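Just so it is clear, none of the values below were taken in a lab; they were calculated from the coordinates. Not measured: the values here are computed from a predicted model. Cβ placement follows ideal geometry from the backbone for every residue including glycine, while neighbour counts extend to all protein chains displayed.
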Amino acid sequence: MTIRQNRENTKLTVAIEGRLDTSTAPELEAALAEALENVTELTLDCEKLEYVSSAGLRVILKTQKVMFSQGSMKLTHVNEEVMEVFEITGFSNILKFE
């Protein structure tokens, strides 16, 4: 998995590429924990995200909870396969997608 960050003032975009699973979820969690200070708008760019497991969903939900208290979070460019996981798990009802 590759994680790219682009920050402009209080806006942060994090592009996730590859598989977000048990072995890579801790890497994303650590990167987000470091990056979210003073962020009010978070965008997770999922254009190149191929797969998300329950471990990945946990990191996304944890991040959503943090951002709920300090601003907003959205996911962009989610492909059909990954969106299906969000729909089956009910995450599509609690996350914002564009």
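Remarks
- The chain - share of DSSP beta bridges that are antiparallel (%, nearest 5): 30 percent
- Radius of gyration, Dmax [the range 2-93; alpha carbons; angstrom]: 12.1, 35
- Highest to lowest packing among 86-94, 2-10, scored as the average C-beta count within 10 Å: 86-94, 2-10
- Its relative contact order, with pairs defined as Cα atoms under 8 Å and 6+ residues apart, puts the range 2-93 at 29 percent.
- All lysines inside 19 Å of K62 as judged from Cα atoms, apart from same-chain residues fewer than 8 positions distant: K11, K74, K96
- Helix 25-35 axis versus longest C-alpha principal axis of the chain: approximately 20°, rounded to the nearest ten.
- Between the amide H of D45 and those of V14, A15, I16, T76, distances stay under 5 Å, these residues lying 5 or more places away or on another chain, with hydrogens modeled in the peptide plane.
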